[in-house]
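Have a look at the structure below, then the notes.
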Amino acid sequence: MTTLADPVQTGTTPSPPPRRSHRRRSFGYPRKASVWSYGALLAVVAGSVFPLYWSIVVSSQTSDAVTKVPPALVPGGHLFDNIARVFDTTDFGRALVNSFIVSGSITVSVVFFSTLAGFAFAKLRFRGRKALLVVAIATSMVPHQLGIIPLYILMAGLGWTGRLTAVIVPGLVTAFGVFFMTQYLGRAVPDELLEAGRVDGSSTFGLYWHIVLPAARPAAAVLGLFTFMQAWNDFFWPLVVLQDNATVQVALSALASGYTTDYTLTLTGTLLATLPILVVFMLLGRHLVDGIMQGAVKG
């Protein structure tokens, strides 16, 4: 049986206990935000919300009230009259429907194909996988404007000019979406989970549908939101190829055209065009927050 040596008998002095660093310990407790932090956040929120609020104010005023000094700072009572003027001036209802069809189709297609391609590049092993991924990423480095003329010639040869198909088909999948989902799925989906699914007899598409898609929901929400906003705000290509079958951005340019610009009419149309993006953001916002919290827990 062994006993501990007495420090007095051995002539050695016991070492003092290690001191805890107050600086390191302070990081373990949440700090209360200062007044300057709240002030900076309020300034950022006010700067972000003010353009939307100003659009509401101008849209609810008459054309004469916009040029008054000082300008009106509270909404008026002419919003519905200006909305009626927008629909009377241009075929704005048809433009909204066209934008919904184009943006919705492109968003669903980009999320589906990008997730499918990201799963293949991240988790499947086949010859030429890295080379194909490099080629897909390299296509995003070519400016979109350089392909307008050959793309228009192709659409004209297919007889798609003036049809929404000419806007939907070129945007069915994007290089950014493939790269984004490849990077996300490479870390979000464990190889052991896929191996367990193969042992249970699941096919490759079954693994994608039952394992990969649920795991990719936060990234798919982010990609879907960005894709919808990009497709909704696209102006140049629909202006070139759709002719009279306009989208909402082309209709807004028609409202702002002329010798004099009616800012009340233009901002009313802008307000109507902004509301669908806000609705999509509110629908996908929960998934965005879930993805942020999931990443924080994993970190």
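What area, in nm² and to one decimal, does the C-alpha convex hull of region 96-139 cast on average over all directions?
Result: a mean projected hull area of 3.6 nm².
Note the full-extension length gain between residue 50 and residue 36 as 0.36 nm times their separation in residues minus their Cα-Cα distance, in nm to one decimal.
My answer for the length gained is 3.0 nm.
What is the ratio of the Cα radius of gyration of region 29-164 to 2.2 N^0.38 Å, where N is its residue count, to two decimals?
Compared with the compact-globule rule of thumb, region 29-164 sits at 1.73.
Taking all protein chains together and a probe of 1.4 Å, list 185, 172 from the most accessible to the least accessible.
172, 185
With no solvent and one point on each alpha carbon, what is the Debye value of log10 I(q)/I(0) for region 133-230 at q = 0.25 Å⁻¹?
The calculated log intensity ratios at q = 0.25 Å⁻¹ are -1.29.
Choose one of 124, 73, 144: the residue whose Cα lies farthest towards the positive end of the charge dipole of region 57-150 (beta-carbon charges +1 Lys, Arg; -1 Asp, Glu; about the Cα centre).
Looking along the dipole axis, the top candidate is 124.
Can you compute the modelled spin-label distance between residue 141 and residue 277, with each label point 7 Å from Cα toward Cβ, in nm?
3.0
Find how much the distance from residue 63 to residue 217 grows on full extension, using 0.36 nm per residue of separation minus their present alpha carbon separation; answer in nm with one decimal.
50.9 nm
Give me the dipole magnitude in Debye, nearest 20, for region 38-196 about the Cα centre, with unit charges on the beta carbon: positive for Lys and Arg, negative for Asp and Glu.
With only Lys, Arg, Asp and Glu charged at Cβ, the dipole is about 560 debye.
Over region 181-295, what per residue volume does the convex hull of the Cα atoms give, in whole Å³?
So the per-residue hull volume is 143 Å³.
Figure the gain on full extension for residue 124 and residue 257 (residue separation times 0.36 nm, minus the Cα-Cα span) and round it to one decimal in nm.
Working it through step by step, the gained length comes to 42.7 nm.
Under a point spin-label approximation (7 Å from Cα along Cα-to-Cβ), what is the residue 148-residue 79 distance to one decimal in nm?
With each label point 7 Å from Cα toward Cβ, the separation is 3.6 nm.
Which whole-Hz couplings ³J(HN,Hα) result when phi for each residue of region 187-204 is put into the Karplus expression 6.51 cos²θ - 1.76 cosθ + 1.60, θ = phi - 60°, listed in order with x for Gly and Pro?
Those phi angles translate into 10, 7, 10, x, 5, 5, 5, 5, 5, 5, x, 5, 4, 6, x, 7, 7, 5 Hz.
The values are calculated or read from the model by the stated rules, or taken from the named source; none is laboratory data. Because the structure is predicted, anything quoted here is derived from the model rather than measured. As a convention, Cβ positions derive from the backbone with ideal geometry for all residues, glycine included, and neighbour counts pool all protein chains shown. The area values use the complete protein model at the heavy-atom level, side chains included, leaving out ligands, DNA and RNA. Shrake-Rupley method; radii C 1.70, N 1.55, O 1.52, S 1.80 Å.
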